[in-house]
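A short write-up of the structure that comes next.
The values are calculated or read from the model by the stated rules, or taken from the named source; none is laboratory data. On a predicted model such as this, the values are computed, not experimentally measured, just so you know. Cβ: placed from backbone, ideal geometry, glycine included. Neighbour counts: every protein chain shown. The accessibility values were calculated without ligands, DNA or RNA, using every heavy atom of the protein model including side chains. Shrake-Rupley method; radii C 1.70, N 1.55, O 1.52, S 1.80 Å.
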Amino acid sequence: MIKLVTTRPKEKALLAGVFKNGDSAESMAELEALAVSAGAIVVGCLTQRRTAPDPAYFIGRGKAEEIKAKAVEAAANVIIFDDELTGAQVANLQELTGIRTIDRTDLILDIFVQRAKTREAKTQVELAQLEYLLPRLAGRWSHLERQVGGIGTRGPGETQLETDRRQVRHKIAHLKKVLVEIDRQRAVQHKKRTEVYRVSLVGYTNAGKSSLFNQLTRSRAKVEDRLFSTLDSTTRALKFPYFPKVILTDTVGFIKKLSTHLIASFRSTLSEAAESDLLLHVVDFSRPDFRENIGAVEKILASLKADKMPTLLVLNKIDRLEAPAAFEEKNSFWDVALVSAAKGTGILALTDKIEAFLRWSAQSENGRPARPAAP
Ligand code: GDP
Ligand code: MG
């Protein structure tokens, strides 16, 4: 796997963001969590309000100077922007600050590189990295040169850049073929399992999907207070007395600003969800912004064409709440369950609701209509 941009453990990161209105806290907090997940220490954070990004530096020139001063003061070795930068912006910022500059997508991809385990996930990450890199190659040239270690390089000349573009395109084409093949193999495996009911856990990252997966299956999927601790989906059988063939899948977490580019790259990993009979949308009910998180997940589900799936909303972490907030149901969910995956509260009631859905689904004539009315 080509690692072009890497946040090495215990790198000191300075965060930067540009916002149209003052509301930057949530997004920057998430960026910080992502940076920590990638193994960095966050040494500072700078934001700016402006209506449109600066074409040359993304942030204002003056603010970029400020970033430089702060980065030097805090001995930062990487600057991370909350939004996608162009190749030119990266190049300009690096020239001005003398410090490696990456963006949110680079950071997410870096975490994905660290977490990917299966061949499919690894291939998807590498493809996503290369596709993200290609139009930004000019800006990233200095990293590429460093990574390649000078072999066959004669400096960042245009000729070399062209050769490189060609190599990247070639590699992209190859990886796409590999993924088509993996997809084909999965389709074959899938056919053998058509009699099986599939239930998938979806939700914002850190909502408690893996904890709930463990409660429901009593397995030991990795539970971590980190973003994207599991990139590959995990699948286990769920045991119901009358439905012996039910499998539950734990999927990768969703976050805000997950760019369409990344969604496209991870479509086949996420498509597990779109092929399910029932989605369990897990929500961290103890977060004040839980509604926004529901919205962010629904948006991603829509882009995967999985927004019309029967969905059971699971409001998790009720142990953290003195009195659970009132939740006015939008009526778009099959049902709503209140649980604490950590304490095991409400799990039986939840399995009852899953079973009720499966019964309903099995009894309804043509199997699995798009979105049933709640009972
Ligand atoms: P995922 O990213 O959605 O898979 O979330 P995890 O299952 O890995 O959980 C993320 C964090 O939330 C972990 O630190 C869990 O221990 C914690 N967590 C999960 N469920 C609960 C819960 O019901 N109550 C509390 N207090 N913490 C929980
Ligand atoms: Mg998880």
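Structure data summary
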{"quantity": "Amide hydrogen neighbours beyond the local backbone of THR47, cut-off 5 Å, H modeled", "calculated": "GLY17"}
{"quantity": "Solvent-accessible area per residue, Å², over segment 12-110 with all protein chains present [probe radius 1.4 Å]", "calculated": "39"}
{"quantity": "Surface/4 of the Cα convex hull for segment 12-110, nm²", "calculated": "5.4"}
{"quantity": "Trypsin sites (Lys or Arg not before Pro) within segment 38-142, DSSP loop, no more than 12 other Cβ atoms inside 10 Å", "calculated": "LYS117"}
{"quantity": "With every protein chain in place, segment 12-110: carbon and sulfur % of accessible area (1.4 Å)", "calculated": "51"}
